[in-house]
Amino acid sequence: MFNHVWGLLTHPGREFQQISQEKETVSHLYTRYILLMAAIPVICSFIGTTYFGWMFGDGQVVKVMPIIAIYIGIVFYGMLLAAVAIVGKVIHVMARRYHQRPDLSQCIIFAGYTATPMFLSGIVALYPLVWMCLLAGIIGLCYCAYLLYSGIPAFLNVDRSEGFIFSSSTLAIGILVLEALLGLTVLLWGYGAHFW
């Protein structure tokens, strides 16, 4: 499963073709890939916010107590898992006009692999500088967009121009989901100590 990570980062077109030939299930994807990949930003955020704390430009450091960080981490983890399913559902709904409409499980699998760069960008939360987390998130989002644009034509078996339109629409909705997730994440990890 983790050989797909390297393939998605280096040669996504071939990797998506290989993934589509594997015929895996959503439960297999979640148990062997998403549960582990989604744990990366959660564990890194836990370590970073409890040991180092959020560092702001004025030298202020905000730490979260470990017991509170556990609760926040559980909620954050659940949100990441749900976000993959939501984006998969969006892809499924938007693909209904194509004659080779993929089923919901294929769309969730595609969304799960497309989210790989965002999961990996969570590594920078080990030392949570606001500007560095923002930069890593933007880079992760850009590469997710690249994976989406390069994978959709092969995934839906459509030409590149139709794939571009579909990818753009999906990306716009995916960014809305991401923004909601990021907003909740900032509230949880940045101000979680005040909520509990």
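The values are calculated or read from the model by the stated rules, or taken from the named source; none is laboratory data. Note that this is a predicted model, so its numbers are computed, not measured. Cβ coordinates were reconstructed from backbone atoms using ideal geometry, including for glycine residues, and neighbour counts include every protein chain displayed. Just so you know, the surface numbers come from the protein's heavy atoms only, side chains and all, with ligands and any DNA or RNA stripped out. Shrake-Rupley method; radii C 1.70, N 1.55, O 1.52, S 1.80 Å.
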* Asked: For the stretch 27-121, what is the convex hull (Cα atoms) projected area averaged across all directions, in square nanometres?
  -> 7.5 nm²
* Pop a pseudo-label 7 angstrom from the Cα along the beta-carbon direction at both residue 162 and residue 70 and give the gap in nm to one decimal. => 5.2 nm
* Structure fact -> Among 149, 18, 122, the residue whose Cα sits farthest towards the positive end of the charge dipole of the chain (+1 at Cβ of Lys and Arg, -1 at Cβ of Asp and Glu, taken about the Cα centre) is 18
* Ordering 4, 99, 28 by how much accessible area each has at a 1.4 Å probe, largest first, what is the list? -> 99, 28, 4
* Computed over the Cα atoms, what is the radius of gyration of the stretch 6-48 divided by 2.2 N^0.38 Å, N being its residue count? -> 1.44
* When only DSSP loop residues count, what chymotrypsin sites (Phe, Trp or Tyr not before Pro) in the stretch 3-104 have their Cβ near at most 15 other Cβ atoms within 10 Å? -> 56, 98
* P(r) tail fraction, the stretch 91-155 - alpha-carbon pairs more than 16 Å apart, % -> 53 percent
* Structure fact -> Probe 1.4 Å, heavy atoms of protein chains only: per residue, the accessible area of the chain in Å² is 52 Å²
* **Inter-label distance for residue 187 and residue 101, nm, one decimal - labels placed 7 Å from Cα along Cα-to-Cβ** => 3.4 nm
* To do: Give the angle, between 0 and 90 degrees and rounded to the nearest 10, that separates the Cα long axis of helix 160-195 from the longest principal axis of the Cα atoms of the chain.
  => 20 degrees
* Structure fact -> So, relative contact order of the chain in percent, Cα under 8 Å, 6 or more apart, is 28 percent
* How large is the Kirkwood hydrodynamic radius of the stretch 81-195, in angstrom, based on all distinct alpha carbon pairs? -> 14.9 Å
* Solvent-accessible surface (1.4 angstrom probe) belonging to residue 187, in square angstrom, nearest 10 -> 80 Å²
* What share of all Cα pairs of the chain, in percent, falls into each consecutive 10 Å distance bin? -> 9, 36, 32, 16, 6, 0
* **the stretch 84-194, relative contact order in percent, only Cα pairs under 8 angstrom and at least six apart counted** => 25 percent
* What size of dipole, in debye to the nearest 20, comes out for the chain about its Cα centre when the only charges are +1 on Lys and Arg C-beta atoms and -1 on Asp and Glu C-beta atoms? -> 220 debye
* Please report, in debye to the nearest 20, how large the charge dipole of the stretch 5-120 is about its Cα centre when each Lys and Arg carries +1 at its beta carbon and each Asp and Glu carries -1 there. => 320 debye
* **Solvent accessible area, Å² - residue 124, 1.4 Å probe, full protein context** => 40 Å²
